[in-house]
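The values are calculated or read from the model by the stated rules, or taken from the named source; none is laboratory data. Just so we're clear, the structure is a prediction, and the values are computed from it rather than from any experiment. Positions of Cβ are backbone-derived with ideal geometry, glycine not excepted, and every protein chain shown enters the neighbour counts.
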Amino acid sequence: MRDRIQALLDHYEVDEAITLLDGYRANGGPMDDTLYYLLGNAWRKKGNWQMAMNNYLQALNLNPDSPAKQALSMANEILDFYNKDMYNQ
């Protein structure tokens, strides 16, 4: 499952990756930290930062050493930059 999702993301088939993961989860498929991390990456690629960060947090709840830790930190830095920039207009 992980390799398939990663391949979809690598080919910018983001909607398909999200649909596949949502269906997998809805059918009772076990979500581990890597799958939540990949789902977060998919939402980030779509520009939905809230959903991305929610999934990164889910990954971190399962594994504090997940790569989602760095992704969440990066997302926070990006959003902080954009928010500060809006105040300077």
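So here's what we get for this one:
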item	result
Selection within the stretch 52-65 - out of contact with any Leu (no Cβ under 6 Å at 6 or more places or on another chain) and not aliphatic (A, V, I, L, M)	Asn54, Gln58, Asn61, Asn63, Pro64, Asp65
Hits in the stretch 1-28 (condition: within 11 Å of Lys45 (Cα to Cα) and hydroxyl-bearing (Ser, Thr, Tyr))	Tyr12
Residue satisfying all of: in the stretch 64-84; closer than 18 Å to Gly47 by Cα and acidic (Asp, Glu); modelled with the highest pLDDT among these	Glu77
Residue satisfying condition, being of a type outside the set (A, V, I, L, M) and free of Cβ contacts under 8 Å to residues at least 12 places away in the same chain, within set Gly29, Gly23	Gly23
Residues being loosely packed, with under 15 Cβ neighbours inside 10 Å and assigned to a loop (DSSP other than H, G, I, E, B) - total across the stretch 2-31	6
Odd one out for Ala7 among (1) of a type in the set (A, V, I, L, M); (2) in contact with a Leu (Cβ under 6 Å, 6 or more places away or on another chain); (3) without any contact (Cβ under 8 Å) to a residue 12 or more places away in the chain	(2)
Any hit, the stretch 36-51, residues being of a type in the set (S, T, N, Q), out of contact with any Leu (no Cβ under 7 Å at 6 or more places or on another chain), assigned to a helix (DSSP H, G or I) and closer than 18 Å to Arg2 by Cα	no
